[in-house]
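Report on one structure; see the data block that follows.
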Amino acid sequence: MTSWWKEIVFYEIYIPSYFDSNNDGIGDLKGIGQKLDYLKELGVEGIWLTPFYSSPKVDNGYDIADYYQVDADYGDMADFEQLIEAAHDRGIKVIVDMVLNHTSNQHEWFRESKKSRDNKKRDWYIWEPSTNNDGPPNNWESFFGGSAWEYDSMTGEYYYNAFAKEQVDLNWSNENVKEAVFDVLRFWLDKGVDGFRLDVINFLTLNRKFTDNPTNNVGEQDHLYDKDQEGIFDVINEVVAITKEYGDKFVLGEVGSDEFNLLEKYMNETDLDAVFNFNIGSMETLNDKKLFREIKKMDSKLSEINLPTLFFGSHDMPRHYSRFSNLGNEEKIARLTSTFLLTAKGIPFLYFGEEIGMQDFIAKNIEEIKDVQGSTAYHIAKESGYNDKEALKRANKQNRDKSRTPMQWKNEKYFGFSKNEPWINCGDTSNDSIADLQIRDDRSLWHHYQYLIQLRKNELTLQVGNYQMLNSENSIISYERKFEQSSFMIILNFADDDAEYNTRDLVEKEIEHVYSSQRFEMEEGSVLNSFRLLPYEAIVIKMNKGAH
Ligand code: GLC
Ligand code: CA
């Protein structure tokens, strides 16, 4: 049986930056509700909502203070219920982000835990005494930089935080913690969510001997003992089992790694439906050789039931429009990479704004940096003696605000995102990555996305078809997807030169339709002989049913 999530295109909505319905400068749930028709028109059938729970927002909601409340900035419970209903009315599924590894230091559980060493909730978090005369219990570093241990003078112990010090790691070896968190899952499942995106899910268990992490050959800490520890698969499976009590729900894990070998273990050895395949997703440059290697690996190493996810963007990484850019060719590359995302084997996840080619925002001073990872990098650089310019440079490298600027809806002030100044900088306003304009232009990037999303939606072969052929030659990656009698051939040129495509794979095939990412009127007959692809051109060929 195939599951609904294997058939649809997902779209990540970074809530504070999507659409502001009440003009307080912050995107909200009602705002998303007002854009559901836009999403439906684009063709996406699943949305992933980033955290909207009550939070002091040190890490924009990934620091939850109350799992049972909607944050007032984003609306209230009635808004959430209405959004789910309105999405479902339009055939759009909703999966929500769940942050189970840590809570905000403002969470009532932590306020209790902090009170005394013998508090009932002391053991809900990870408290350790100092070991080596005064210093933290070990050398573990936070993923945002600096020690992962924060000293609490009231009780004279350190608590563990894998991210910001305001994001306190829960103790998953405590059964009471598990029960409390499982209740949270049930609560949101009862509200009708269609699944969960599990934040940093491979972090839940730790090496409880607290062995020091080694340093790798570039002088950085190798996080050997603070993630992917013993028992992690069992805990994940418990989370999945609770969710599946509610039927055909989608459980997607964020396993923080770009190593396929590790991702593969979580895919094949846990009950997760999918993980984020950072092995492709976080590729820093456009590298067709690497891309091909990874697709090949995924195709051969994953069991039939495990589809990889396909994405190049998220709220944690620079926008791929900027990341893969080659001066002047950005849009061609965006068309090429999205053709891959939407025709390859896997579950596509688009990040809001990529359909109009939104670009990175680079902060000009520390005041412009809202992201905790960016500002932490800045302060660490300053403390290490770097000047302002250098510290800013380092901060911008880490700054995730790059991809968090408001959605560019209209060609007006603040891009029509809000009538008032947004919580975050709007970025470069002199571009034409604007939804309104692109919807009116048949040849825009938006229409390219829409075409391919709709194609995927209408063609089972593009949803579930296996690779009949998967090839990389010179600068071209090509593959054929096949399902029953139907097949599609996809040919992608990663060079900024023309490239000759050897048509041997097309010989004796009957072609029904040809789509080019760049040529608007394709002559259908033209591909029959050997043909040349334009720089960064992507071609999608539909074969006639019944032809061999
Ligand atoms: C995940 C989120 C990221 C957050 C981190 C800590 O990686 O995607 O935005 O900062 O977890 O919760
Ligand atoms: Ca608002």
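The values are calculated or read from the model by the stated rules, or taken from the named source; none is laboratory data. Predicted model only: the values in this text are computed from it and were never measured. Neighbour counts run over all protein chains shown; Cβ positions are idealised from the backbone, glycine included. Accessible surface areas use protein heavy atoms only, side chains included; no ligands, DNA or RNA. Shrake-Rupley method; radii C 1.70, N 1.55, O 1.52, S 1.80 Å.
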remark   = In nm, the gap between the two label points placed 7 Å beyond Cα toward Cβ at GLU259 and GLU421 is 4.6 nm
note = For 213-226, 74-87, ranked highest to lowest by mean beta-carbon neighbours within 10 Å, the order is 74-87, 213-226
request  = Compare the peptides 450-457, 330-337 by average per-residue count of other Cβ atoms within 10 angstrom and give them in order, highest first.
outcome  = 330-337, 450-457
key: Tilt relative to the chain, helix 260-269 - C-alpha long axis, 0 to 90 degrees, to 10   = 80 degrees
key: Label point distance in nm, LYS244-GLU383, each placed 7 Å from Cα along Cα→Cβ   = 4.4 nm
query = So for the pair LEU224, ASN431, with labels modelled 7 Å out along Cα→Cβ, what separation do we get in nm?
reply = 4.2 nm
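Below 8 Å between Cα atoms, with a sequence gap of 6+, how large is the relative contact order for the chain in percent?
Worked out over the chain, it gives 13 percent.
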ask   = How much net charge surrounds LYS30 when only other residues with a Cβ under 11 Å from its Cβ are counted (Lys, Arg +1; Asp, Glu -1)?
value = -3
query = Solvent-accessible area per residue for region 322-416 at a 1.4 Å probe radius, Å²?
reply = 40 Å²
inquiry  = In 10 Å bins starting at zero, report the fraction of Cα pairs in region 392-444 per bin as a rounded %.
reply    = 23, 44, 25, 7, 0
query = In whole angstrom, how long is each semi-axis of the equivalent ellipsoid of region 58-198, when you take the square root of 5 times every eigenvalue of its Cα gyration tensor and sort them from largest down?
reply = 34, 15, 13
remark   = Summing +1 per Lys or Arg and -1 per Asp or Glu among the other residues with Cβ less than 11 Å from ASN420's Cβ gives -1
query = Under 5 Å between amide H atoms, partner at least 5 residues away or on a different chain: which partners does HIS513 have, H built in plane at 1.01 Å?
reply = LYS542
task = Just the ratio, please: alpha-carbon radius of gyration of the chain over 2.2 N^0.38 Å, N its number of residues.
result = 0.99
query = Of the listed peptides 63-71, 339-347, what is their order by residue-averaged count of other C-beta atoms within 10 Å, with the highest listed first?
reply = 339-347, 63-71
query = Using the Cα gyration tensor of region 108-169, with a ≥ b ≥ c the square roots of its eigenvalues, what is the shape: rounded (a/c below 1.5), prolate (a/b larger than b/c) or oblate (neither)?
reply = oblate
Added length on full extension, which subtracts the Cα-Cα distance from 0.36 nm per residue, ILE366 to ASN132 = 80.7 nm
request  = Rounded, prolate or oblate: pick one for region 438-482, where a ≥ b ≥ c are the square roots of the eigenvalues of its C-alpha gyration tensor, a/c under 1.5 means rounded, and failing that, prolate if a/b is larger than b/c, else oblate.
outcome  = oblate
key: Residue-span extension gain [ASN326 to VAL464] - 0.36 nm each, minus C-alpha spacing   = 46.4 nm
message = So for region 72-210, averaging the separation of alpha carbon pairs under 8 Å that are six or more residues apart and normalising by length, what relative contact order in percent results?
response = 30 percent
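Under the rule a/c < 1.5 gives rounded, and otherwise a/b versus b/c splits prolate from oblate, where does region 277-370 land using the Cα gyration tensor?
Judged from the Cα gyration tensor, region 277-370 comes out prolate (a/c at least 1.5, a/b above b/c).
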query = For the Cα atoms of the chain, what angle does the longest principal axis make with the long axis of helix 175-190, in degrees from 0 to 90, nearest 10?
reply = 40 degrees
note = With 0.36 nm assigned to each residue of separation and the Cα-Cα distance removed, ASN237 to ARG186 gains 16.8 nm
ask   = What does the charge dipole of the chain about its Cα centre add up to, to the nearest 20 debye, if the Cβ of each Lys and Arg holds +1 and the Cβ of each Asp and Glu holds -1?
value = 520 debye
inquiry  = Taking R0 as 60 Å, what FRET efficiency do you get between ASN176 and ASP497 from their Cβ-Cβ distance, rounded to the nearest 0.05?
reply    = 0.45
query = Between SER486, VAL507, SER517, whose Cα lies farthest towards the positive end of the dipole of region 466-543 when Lys and Arg beta carbons carry +1 and Asp and Glu beta carbons carry -1, centred on the Cα centre?
reply = SER486
task = Kindly provide the helix-only [θ] at 222 nm of the chain, computed as the sum of -39,500 (n - 2.57) over DSSP H runs of four or more divided by all residues, to the nearest 500 deg cm²/dmol?
result = -8500 deg cm²/dmol
query = To the nearest 10 degrees, how steep is helix 77-89 against the longest Cα principal axis of the chain, on a 0 to 90 scale?
reply = 20 degrees
inquiry  = Calculate the FRET efficiency for GLU412 and ASN268 from the Cβ-Cβ distance with a Förster distance of 56 Å, rounded to the nearest 0.05.
reply    = 0.70
